[in-house]
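Read-outs throughout are calculated quantities, based only on the coordinates presented, and are distinct from any laboratory measurement. Just so we're clear, the structure is a prediction, and the values are computed from it rather than from any experiment. Don't worry about glycine lacking a Cβ; one is built from the backbone with ideal geometry, like all the others, and counts go over all protein chains shown.
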Amino acid sequence: MAKKLRIEKLQELIKQEMGKMLLTDLKDPRIGFVTVTDVELTGDLRSAKIFVSIMGDDDKIKNSLEGLQSALGFIRREIGQRIKIRFTPEISFALDTSLDYGDHIQKLLLKVEGDTKNVDNVQAGSEQTQSR
């Protein structure tokens, strides 16, 4: 239980520090609007997968991921210095598409809601003509 709690704390610390680095330290022009959404650490704390959400089209996403990959050594060193853990985990980046999926679901729900309103309006109109 204590080990799981430590892993969760380290995940949150890495997420916060990575967010700060994106705002202030990474100057690569390829890196666009990137948000850290989650961090997954292995049980032995040897590797971390950082999930990022990137705004933009496919080219911007690809360029941002390339910029993050090229800054991987700097990012790992900075995380090790800021968090002060004995062993700095190997870092990998993964694209988090859950926000895009949520946006897609939202659009579908709005479309269904709009279709339902149209059906309600048609039914209300037919009821008015029947009552005349």
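Annotations for the structure displayed:
- Measuring against 26 Å, Cα to Cα, the residue pairs Lys27/Lys84; Lys20/Lys49; Lys49/Lys107; Lys20/Lys60; Lys20/Lys62; Lys3/Lys62 contain Lys49/Lys107; Lys3/Lys62 as the ones spanning a longer distance.
- Taking Phe87, Phe74, Phe51 and counting other C-beta atoms within 10 Å, the order from fewest to most: Phe87, Phe74, Phe51
- Relative contact order of the chain, pairs being alpha-carbon contacts under 8 Å that are 6 or more residues apart, as %: 23 percent
- Relative to the longest principal axis of the Cα atoms of the chain, the long axis of helix 2-24 lies at roughly 80 degrees.
- Full extension of the segment from Asp100 to Lys60, taken as 0.36 nm per residue of separation minus the current Cα-Cα distance, would add 12.9 nm.
- Amide H partners (placed H, <5 Å) of Ala48, local residues excluded: Glu90, Ile91, Ser92
- With respect to the chain, whose longest principal axis is taken over its alpha-carbon atoms, helix 72-83 is tilted by about 80°.
- The calculated 222 nm mean residue ellipticity attributable to helices in the chain amounts to -21500 deg cm²/dmol, summing -39500 (n - 2.57) over DSSP H runs of n ≥ 4 and dividing by all residues.
- In plain terms, the residue of Leu72, Leu110 with the fewest other Cβ atoms within 10 Å comes first and the most crowded comes last, giving Leu110, Leu72.
- Once the mean of 1/r is taken over each pair of separate Cα atoms and inverted, segment 4-128 shows a Kirkwood hydrodynamic radius of 16.9 Å.
- Here the Karplus relation 6.51 cos²θ - 1.76 cosθ + 1.60, evaluated at θ = phi - 60°, turns the backbone of segment 96-113 into coupling constants of 9, 9, 5, 5, 5, 5, x, 5, 4, 5, 4, 5, 5, 5, 5, 5, 4, 4 Hz, with x for every Gly and Pro.
- Cβ-Cβ FRET estimate between Asp28 and Leu110, R0 fixed at 30 Å, reported to 0.05: 0.25
- Taking the C-alpha atoms only, the angle from helix 58-70 to the longest principal axis of the chain is near 20 degrees.
- Counting only DSSP beta bridges whose two residues both lie in the chain, roughly 55 percent are antiparallel.
- Compactness of segment 27-80 is given as radius of gyration and Dmax, 12.1, 36 Å, from Cα positions.
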